[in-house]
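Worksheet for the structure shown next.
The values are calculated or read from the model by the stated rules, or taken from the named source; none is laboratory data. Just so it is clear, the model here is predicted, and its values are computed rather than measured. Backbone-built Cβ (ideal geometry, glycine too); neighbour counts: all protein chains shown. Note: accessible area is taken over every heavy atom of the protein model, side chains too, but ligands, DNA and RNA are not part of it. Shrake-Rupley method; radii C 1.70, N 1.55, O 1.52, S 1.80 Å.
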Amino acid sequence: MEPIIKMERINKHYGDFHALKDVDFNVKKGEVVVICGPSGSGKSTLIRCINRLEDISSGKIVIDGKDLYDKKTNINKLRQEVGMVFQHFNLFPHLTILENITLAPTKVKKMPKEDAKKLAMELLKRVKIPHQANKYPGELSGGQKQRVAIARTLAMKPKIILFDEPTSALDPEMIGEVLDVMKELARENYTIVCVTHEMGFAREVADRIVFMDKGEIVEENTPEEFFKNPKTDRAKKFLSEILHH
Amino acid sequence: MKPSIFKNRRVGIILAALFYAALGFFLYKAASKINYTWKWDMIPKYFVYEKKIPLTSPCDGKLEIEGNKAVIICEDGKKYTYSLEGYKLEFENGEFVYEDDEIAYKIKLEPGPFLLGLWVTIKISLISMFFAFLIGLIIAIMRLSGIPAFDYIGSVYVTIIRGTPLLVQLFIFYFIVATIFDLPRFWAGVMSLSIFYGAYIAEILRGAIQSIDKGQHEAAKSLGFNSFQRMWYIILPQALRKALPALVGELISLIKDSSLVSIISITDLTKVGREIVANTFSPFETWLTVAALYLMLTSVLSFIGHKLEKRMKAKGGI
Ligand SMILES: Nc1ncnc2c1ncn2[C@@H]1O[C@H](COP(=O)(O)OP(=O)(O)OP(=O)(O)O)[C@@H](O)[C@H]1O
Ligand SMILES: [Mg+2]
């Protein structure tokens with residue numbers, strides 16, 4: 001089966017800095033992939049290339065059969081199928097929770113307001129904050145904000161969801177509630193690429209772990225294998241660092 | 001230790017009031033030294049005055065009152081009927097009237113020069129605000145478009161406008177642009193105020209748009225919004241909230257600077273002030289009144305600004 005995310009020989013430069021070095025990365029439909037690696041290794045850069053928040057210097061990216069850099073590809077249309085959840089939530093502070101969720105479906109997809117509202121209320125129930133619809137983002141806790149951000153992404157009914165360290169800006173006691181929602185999504189047929197250092201989450205739901213260092217994919221394996229027998233010294237060192245505190 | 005009474009708010013208000021009362025009294029005394037006679041009582045009639053509207057007889061004849069109507073039967077037999085609604089009669093039923101005699105009159109309140117001038121100032125300010133905001137928004141977006149030609153067009157405009165005096169620009173619009181394109185002076189005034197303040201508003205909006213977190217653009221992109229939608233639904237609303245206090249400040253300046261248009265003979269509040277002084281030789285009362293009227297306009301605007309700001313604060317910050 002053709003992978004839903006196909007990245008071939010990706011290079012990315014920031015000025016003189018070589019952030020991604022000949023990276024090949026494929027994800028099958030429905031697969032849950034966790035990316036980990038030390039700070040500055042290029043994890044964010046890699047997943048931000050998937051929805052073109054970053055442009056690559058060279059290489060080829062095909063998402064759901066569409067070449068990202070083909071002139072005929074409508075990037076805004078493609079982005080509707082690729083949701084993204086950010087470390088710092090990036091909710092729209094001037095809109096209520098409900099409006100945060102309904103804005104894209106009504107404006108981008110032209111969904112009728114009533115339908116969008118119904119969808120939003122269902123999604124808020126799913127992320128377990130049904131009673132905050134009329135508040136503003138500034139009035140919610142970090143964990144609630146991130147769950148709203150997930151609901152906002154789900155409202156576009158994406159096939160792929162990208163997470164970039166969704167829990168690392170959260171207070172420890174709120175990490176669990178966000179991970180619970182993410183685990184549920186992982187068990188459905190969403191294709192998920194998640195940058196995270198939550199190894200418990202990776203062990204529980206990931207089909208594959210990708211370890212990056214210095215702009216390269218150093219190692220990929222199933223979670224069991226990766227945790228039990230890391231092949232490279234770099235992965236061993238990384239694991240001992242994050243698991244020992 | 002007890003806090004100093006000078007830190008007390010109420011004491012502060014009283015002291016400030018005393019300070020200005022003393023200042024006013026001093027000015028008043030100084031004015032009487034130069035034998036200035038205050039004539040405040042002549043000011044009201046420049047706001048509204050009573051206009052007498054006469055009803056005159058069209059011919060020599062006899063006046064007959066029938067209920068609410070005056071009928072004049074002329075000597076040549078013609079009959080004229082007038083409604084007396086609101087009129088005060090000056091003749092009696094059956095009296096003889098000559099042509100052009102004032103049979104009755106009524107009093108109508110008419111807006112005086114102060115009100116007419118105030119209205120012109122309001123009109124010119126509101127129209128200029130609208131266009132200044134529009135120009136400012138367009139230029140701000142041009143400068144941030146990432147298209148170098150647009151950016152340069154915008155930055156040259158801003159540089160020229162901010163680097164020359166408004167008064168000189170007003171003359172250029174009045175004596176050159178308005179002459180070439182045959183524009184009425186009112187529109188020359190509106191154009192120069194709009195273009196001048198457009199440049200300042202452009203810079204305020206540009207700063208505000210740039211200050212919006214990169215994450216907002218990214219979240220919007222990731223949801224599939226196109227660049228227009230991102231600007232319109234997500235970036236601009238936040239930028240406008242941030243820029244509100246600075247924008248209100250510019251609009252207040254615009255109202256005040258609109259007084260310059262009196263120089264190209266637009267009958268605004270300031271021009272009216274000059275005319276009244278010429279008629280009454282009471283510059284003190286007139287200019288104090290003009291100042292109070294401007295202060296009223298700017299206060300209303302800053303009040304609205306505060307209300308808007310408060311409402312936005314209530315709506316979750318930013
Ligand atoms: N806009 C940019 N301009 C210049 N350099 C950048 C930019 N974005 C990222 N980099 C550099 O590219 C490298 C990879 O960054 P990236 O954000 O992908 O790392 P990461 O693996 O996500 O790290 P972290 O765990 O800290 O988020 C880093 O060295 C970073 O300094
Ligand atoms: Mg990162």
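Restricting the trypsin sites (Lys or Arg not before Pro) of segment A:66-95 to loop positions (DSSP other than H, G, I, E, B) with no more than 16 neighbouring Cβ atoms within 10 Å leaves A:Lys71, A:Lys72.
Shown are B:Trp119, B:Trp40, whose ranking by accessible area with a 1.4 Å probe and every protein chain present, most to least, is B:Trp119, B:Trp40. Normalised by 2.2 N^0.38 Å, where N counts its residues, the alpha-carbon radius of gyration of segment B:193-243 equals 1.27.
Across segment A:57-67, coupling constants 3J(HN,Hα) worked out from phi with the 6.51/-1.76/1.60 Karplus curve, θ = phi - 60°, read 7, 7, x, 9, 10, 10, 10, 6, x, 10, 6 Hz, and Gly and Pro carry x.
Helices in chain B, meaning DSSP H runs of at least 4 residues, each add -39500 (n - 2.57). Divided by all residues, the mean residue ellipticity at 222 nm is -19500 deg cm²/dmol. Over chain B, Cα pairs under 8 Å with separation of 6+ residues give a relative contact order of 16 percent. In chain A, the DSSP beta bridges split such that about 55 percent are antiparallel, to the nearest 5.
Overall, segment B:50-110 carries a charge dipole of about 340 debye about its Cα centre when +1 sits on the Cβ of Lys and Arg and -1 on the Cβ of Asp and Glu, all other atoms neutral. Local charge for A:Lys125 was computed over the other residues whose Cβ lies under 12 Å away, with Lys and Arg +1 and Asp and Glu -1, and equals +3. Hydrodynamic radius of segment B:50-110 by the Kirkwood approach over all distinct alpha-carbon pairs: 11.6 Å. Over all pairs of different C-alpha atoms, chain A has a mean inverse distance whose reciprocal, the Kirkwood radius, equals 18.6 Å. As a calculated quantity, the FRET efficiency between B:Ala21 and B:Leu109 at R0 = 45 Å, using C-beta atoms, amounts to about 0.85. Taken residue by residue and averaged, Cβ atoms of other chains lying within 10 Å of the Cβ of A:105-115 number 2. Inter-chain Cβ neighbour count for A:89-101, averaged per residue, equals 5 (cutoff 10 Å, partner chain atoms only). Where does the Debye-calculated log10 I(q)/I(0) of segment A:127-202 sit at q = 0.12, 0.26 Å⁻¹, using only Cα point scatterers of equal weight, no solvent? These q points yield log10 I(q)/I(0) values of -0.32, -1.42.
Over chain A, Cα pairs under 8 Å with separation of 6+ residues give a relative contact order of 27 percent. Amide H contacts of A:Cys194: A:Val33, A:Val34, A:Ile35, A:Phe163, each under 5 Å away and 5 or more positions distant or on a separate chain (H built 1.01 Å from N in the peptide plane; Pro and chain starts excluded). Close amide H contacts of A:Met212 (hydrogens built in the peptide plane, cut-off under 5 Å, sequence separation of 5 or more or a different chain): A:Cys36, A:Gly37, A:Val218.
Note on the protein assembly as shown: with neighbouring protein chains present and a 1.4 Å probe, carbon and sulfur make up 59 percent of its accessible heavy-atom surface. Once all protein chains are placed together, B:Val156 keeps about 80 Å² accessible to a 1.4 angstrom probe. Residue pairs exceeding 31 angstrom between C-alpha atoms, taken from A:Lys109/A:Lys135; A:Lys159/A:Lys236; A:Lys12/A:Lys110; A:Lys157/A:Lys236; A:Lys107/B:Lys256: A:Lys159/A:Lys236; A:Lys12/A:Lys110; A:Lys157/A:Lys236; A:Lys107/B:Lys256. Across peptide A:148-158, the mean count of Cβ atoms from other chains lying within 10 Å of each residue's own Cβ comes to 1.
Take chain A with all the other protein chains still there, run a 1.4 Å probe, and you get 45 Å² of accessible area per residue. Separation of segment A:119-195 and segment B:137-160, taken as the distance between their Cα centroids, equals 39 angstrom. Within the full protein context, the accessible area of A:Asp24 is estimated at about 80 Å² for a probe radius of 1.4 Å.
Remark: accessible surface ordering of A:Arg147, B:Arg311, B:Arg206 (largest first) is B:Arg311, B:Arg206, A:Arg147, probe radius 1.4 Å.
Ordering of B:89-97, B:274-282, B:194-202, A:118-126 by packing is B:194-202, A:118-126, B:274-282, B:89-97, highest average first (other Cβ atoms within 10 Å, averaged per residue).
Compactness of the protein assembly as shown, taken as the C-alpha radius of gyration over 2.2 N^0.38 Å, stands at 1.51. Comparing each chain alone with all protein chains together (probe 1.4 Å, DNA, RNA and ligands left out), the residues of segment B:280-318 losing at least 10 Å² of accessible area are B:Lys315, B:Gly316, B:Ile318.
Only protein heavy atoms count here; on that basis, with a 1.4 Å probe, B:Trp187 has an accessible area of about 110 Å². Its Kirkwood hydrodynamic radius, worked out from the mean inverse distance over all distinct Cα pairs, puts segment B:113-314 at 18.6 Å. Computed on segment A:38-180, with alpha-carbon pairs under 8 angstrom and 6+ residues apart, the relative contact order is 31 percent. Association of chains A and B removes close to 2000 square angstrom of accessible area from solvent, both sides included, for a probe radius of 1.4 Å. Ranked from largest to smallest solvent-accessible area, with a 1.4 Å probe on the protein heavy atoms, A:Phe201, B:Phe303 come out as B:Phe303, A:Phe201. Computed as a quarter of the hull surface, the mean projected area of the alpha carbon convex hull for segment A:107-245 stands at 10.0 nm². Of all DSSP beta bridges confined to the protein assembly as shown, the antiparallel ones make up roughly 70%.
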